[in-house]
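S.K.: What follows is a single structure, and I will ask about it in a moment.
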Amino acid sequence: MVMNVKGYAALAVKEDLVPHSFVRRDPREDDVVIDILYSGVCHSDIHNAYNDWGGAKYPMVPGHEIIGRVIHVGKSVTKFKVGDLAGVGCMVDSCQHCSACEQGLEQYCEEGNTLTYNDTDRHDGLPTFGGYSDKIVVTDKFVVKVPEGIDLRGAAPLLCAGITTWSPLRHWQVGEGSKVAVVGLGGLGHMAIKLANALGAEVTLFTRSPGKEADARRLGARHVVLSTDSEQMKASANQFDLIIDTVPYVHDLNPYIPTLALSGTLVLVGYLGALDPFVNSVPLILGRRSVAGSVIGGIAETQEMLDFCGQHGITADVEVINIQDINHAWQRMLKSDVKYRFVIDIASLK
């Protein structure tokens, strides 16, 4: 079955996205074909298209926060049927046999997972194309069930922003009585506050912007600390079991480390790269504190997160756009002018 697909693609570095037609692979026995309804817009879409991280392959169809309906299943697929709501996140395959994959942590696949776009299919060598398009073909192991009744537009960013913050909350066993702080209130930060609050934690926002207090409290933060205020920072010492740092650019971690409780952890989920300035080891050693990192989550974790969000009525705060407005939306994202995630209504493609 030849699958002609419409989408939007970056054709070269730092050029506007333009309409782009391409062909998806023939579905294999274990594949699910999804008619895409909504695709979230992640800051990493811009990083990839602008080749900020290197390795960009053009034409590039971004998008890894995908919600849609199943329109075809391969003959070995048992988990999905035509008509089911389905989601696809940042990965579409992995080796399935390394230590990480056997633990259900495919994001850490030792051979490297296959990304939803700007990657190469490990079976046929074809490029992968993402969710800024009307259909996608994915192996059933990397498709998740979307709970009925959840707001589909707000559910799309759960496939990246949601799981990126859920995975560390679960790994560090956040629950009733936990004290969690979140650094930064953007797409990741607002999901971290919602999820930590729903898990029963007492949540604090660290922010440099005094104007974010009302929104942080609406989202579920009980406290807001202005990180530029040395007295407020001093008063926050020795408190937090976990700090989720969502800031996407290089910044100083040292002011936050003394706010960790004994054996507390600051986990980086937003920034990739060298730390500058260096982390001072004294408060780490004297408080058995840790600085760690985490990236997205495994497929089982993603399903757990979606089910939890379905039960608790949690979705991202989104602004829905037509795909024809994607370049303007990217420019607004670069100015942090969105609360808190853009989502493309793929019906606008058709």
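The values are calculated or read from the model by the stated rules, or taken from the named source; none is laboratory data. Computed from a prediction, not measured in an experiment: that's the story for all the values here. As a convention, Cβ positions derive from the backbone with ideal geometry for all residues, glycine included, and neighbour counts pool all protein chains shown. The accessibility values were calculated without ligands, DNA or RNA, using every heavy atom of the protein model including side chains. Shrake-Rupley method; radii C 1.70, N 1.55, O 1.52, S 1.80 Å.
S.K.: On the given criteria, is GLY310 closer than 30 Å to ALA235 by Cβ and either among the polar types (S, T, N, Q) or in contact (Cβ under 8 Å) with a residue 24 or more places away in the chain (or both)?
M.R.: Criteria not met by GLY310.
S.K.: Determine if the stretch 322-339 includes at least one residue that is in contact (Cβ under 8 Å) with a residue 40 or more places away in the chain and in a strand (DSSP E or B).
M.R.: Within the stretch 322-339, none of the residues are in contact (Cβ under 8 Å) with a residue 40 or more places away in the chain and in a strand (DSSP E or B).
S.K.: Does the stretch 36-52 contain any residue that is exposed (fewer than 15 other Cβ atoms within 10 Å of the Cβ) and either more than 18 Å from GLY187 (Cβ to Cβ) or hydroxyl-bearing (Ser, Thr, Tyr) (or both)?
M.R.: So far as the stretch 36-52 goes, no, none of its residues is exposed (fewer than 15 other Cβ atoms within 10 Å of the Cβ) and either more than 18 Å from GLY187 (Cβ to Cβ) or hydroxyl-bearing (Ser, Thr, Tyr) (or both).
S.K.: Quick one: in the stretch 145-185, which of the residues that are over 12 Å from the mean Cα position of the chain (by Cα) and small (Gly, Ala, Ser) is farthest from GLY298 (Cα to Cα)?
M.R.: GLY177
S.K.: Could you please tell me which pairs satisfy a Cβ distance under 7 Å, a separation of 6+ or placement on different chains, a first residue in the stretch 100-115 that is part of a strand (DSSP E or B), and a second residue that is surrounded by 20 or more Cβ atoms within 10 Å (Cβ to Cβ)?
M.R.: Within 7 Å, the pairs are THR114/MET91; THR114/VAL92; THR114/ASP93; THR114/SER94; THR114/THR128; LEU115/CYS90; LEU115/MET91; LEU115/THR128.
S.K.: With the condition kept exactly as written, say whether any residue in the stretch 62-72 is assigned to a loop (DSSP other than H, G, I, E, B), farther than 14 Å from ILE344 by Cα, open to solvent by 70 Å² or more (accessible area, probe 1.4 Å) and at pLDDT 95 or above.
M.R.: Looking for residues that are assigned to a loop (DSSP other than H, G, I, E, B), farther than 14 Å from ILE344 by Cα, open to solvent by 70 Å² or more (accessible area, probe 1.4 Å) and at pLDDT 95 or above, one finds none in the stretch 62-72, hence no.
S.K.: Can you tell me which of (1) assigned to a loop (DSSP other than H, G, I, E, B); (2) open to solvent by 40 Å² or more (accessible area, probe 1.4 Å) is the one ASN118 doesn't meet?
M.R.: (2)
S.K.: If you scan the stretch 32-46, which residues turn out to be of a type in the set (Gly, Ala, Ser) and not in a strand (DSSP E or B)?
M.R.: SER44
S.K.: With the checklist (1) of a type outside the set (Gly, Ala, Ser); (2) open to solvent by 40 Å² or more (accessible area, probe 1.4 Å); (3) more than 23 Å from the chain's Cα centre (by Cα) in hand, flag the one item ARG24 doesn't pass.
M.R.: (2)
S.K.: Now for a separate question. Can you tell me which residues in the stretch 1-19 are open to solvent by 40 Å² or more (accessible area, probe 1.4 Å), in contact (Cβ under 8 Å) with a residue 60 or more places away in the chain and in a strand (DSSP E or B)?
M.R.: LYS6
S.K.: If you scan the stretch 148-194, which residues turn out to be among the aliphatic types (A, V, I, L, M) and under 22 Å from SER263 (Cα atoms)?
M.R.: LEU169, VAL174, VAL180, ALA181, VAL182, VAL183, ALA192, ILE193
S.K.: Is there a residue being surrounded by 14 or more Cβ atoms within 10 Å (Cβ to Cβ), farther than 30 Å from LEU17 by Cβ and more than 22 Å from the chain's Cα centre (by Cα) anywhere in the stretch 292-310?
M.R.: No, there is no match, as no residue in the stretch 292-310 is surrounded by 14 or more Cβ atoms within 10 Å (Cβ to Cβ), farther than 30 Å from LEU17 by Cβ and more than 22 Å from the chain's Cα centre (by Cα).
S.K.: Quick check on my filter: what residues within the stretch 73-84 are open to solvent by 50 Å² or more (accessible area, probe 1.4 Å) and of a type in the set (A, V, I, L, M, F, W, C)?
M.R.: Listed by number, the list holds a single entry, VAL82.
S.K.: Filter the stretch 78-93 down to the residues that are touching a residue at least 60 places away in the same chain (Cβ under 8 Å) and either part of a strand (DSSP E or B) or in contact with a strand residue (DSSP E or B) (Cβ under 6 Å, 6 or more places away or on another chain) (or both) and list them by number.
M.R.: PHE80, ASP84, LEU85, ALA86, GLY87, VAL88, MET91
S.K.: Being outside any strand (DSSP E or B), closer than 22 Å to MET3 by Cβ and in contact (Cβ under 8 Å) with a residue 60 or more places away in the chain: is that true of GLY130 here?
M.R.: yes
S.K.: Being assigned to a helix (DSSP H, G or I) and open to solvent by 10 Å² or more (accessible area, probe 1.4 Å) is the filter here, so list the residues in the stretch 135-163 that pass it.
M.R.: ASP140, LYS141, LEU152, ARG153
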